[in-house]
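The values are calculated or read from the model by the stated rules, or taken from the named source; none is laboratory data. As the structure is a prediction and not an experimental result, all values here were calculated from the model. Because the Cβ atoms are built from the backbone with ideal geometry, glycine has one as well, and the counts that use them run over all protein chains shown. Ligands, DNA and RNA are stripped out before the accessible areas are found, and what is left, the full protein with its side chains, is counted by its heavy atoms. Shrake-Rupley method; radii C 1.70, N 1.55, O 1.52, S 1.80 Å.
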Amino acid sequence: MDEGKEEKGEAILVGVRMGPAYSDERKLLLGLMERTWVKAGCVIGDALYRMSVELLGRLLERAELVLVPVRDTLHTKVRNPLRGKVKEMYETNREKYKERYVVEQVIGKIKNAYGRCEGTKSMQMAKKRIWVKMILYNWVKVIFLLLFIRRVYFCREKLEAL
């Protein structure tokens, strides 16, 4: 999900992928990417994503800029060309990577508004409830955005009339 704030905008969810407790986020993201065709100007990802060369390759196919912290460690150097490319992007855009907090804020807002866990007996029901919450989140964002645009439009008309 690209959450760049260069242009003041609203955070809208593009996709949600769910799995059982303690699921590997990298595999969930790969599954989500198979189901969607979203392209991004910039993807800001967790450091965990650097461990999967397949995921880094898919991200590079879909985004102009992939910001995932890939670093040389004391005992190992980055050898894979994909990791090297992502490392270079990260090193040249460290300041932009700090915008990752916006993604964490959106996740936190959703958890605070709709709850942190689902008390259902089946995984299928939990998935359905989470999908409803994500759709509701986006609809609330869209409605508030439309109300804001409407208000600005009517204020502009009143000012022009004066």
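Start at zero, step by 10 Å, and the Cα-Cα distances of region 40-86 spread as 28, 59, 12, 1 percent across the bins.
Please compute the net charge surrounding ARG71, taking Lys and Arg as +1 and Asp and Glu as -1 over other residues with Cβ under 15 Å from its Cβ. Around ARG71, the surrounding residues sum to +3. For the chain, the per residue solvent-accessible surface stands at 73 Å², with DNA, RNA and ligands left out and a 1.4 Å probe.
Here the label points at ASN93 and GLU54, each 7 Å from Cα along the C-beta direction, are separated by 2.5 nm in the simple model.
Once all protein chains are placed together, ILE143 keeps about 90 Å² accessible to a 1.4 angstrom probe.
Once the chain from ASN112 to PHE154 is taken as fully extended at 0.36 nm per residue, the excess over their C-alpha distance is 11.8 nm.
Under the classification rounded if a/c is under 1.5, otherwise prolate if a/b is larger than b/c and oblate if not, where does region 61-104 fall, given a ≥ b ≥ c as square roots of the Cα gyration tensor eigenvalues? Since a/c reaches 1.5 but b/c is at least a/b, the shape of region 61-104 is classed as oblate.
When CYS42, CYS117 are compared by accessible area of protein heavy atoms, the largest-first order is CYS117, CYS42, using a 1.4 Å probe. TYR90 contributes an accessible area of around 10 Å² to the protein surface, as traced by a 1.4 Å probe with all chains present. Each Lys and Arg adds +1 at its Cβ and each Asp and Glu adds -1 at its Cβ; summed about the Cα centre, the chain shows a dipole of about 500 debye. Calculated mean residue ellipticity, 222 nm, the chain: -18000 deg cm²/dmol, from DSSP H runs (n ≥ 4) at -39500 (n - 2.57) each, averaged per residue and rounded to 500.
Solvent-accessible area of the chain (1.4 angstrom probe, protein heavy atoms only): carbon and sulfur portion equals 57 percent. Here, region 12-74 is characterised by an Rg to Rh ratio of 0.97, where Rg is the alpha-carbon radius of gyration and Rh the Kirkwood radius. Note that region 40-153 shows a convex hull volume over its alpha carbon atoms of 171 Å³ per residue. Taking every C-alpha pair closer than 8 Å and separated by at least 6 residues, the mean separation divided by the residue count of region 1-160 gives a relative contact order of 21 percent.
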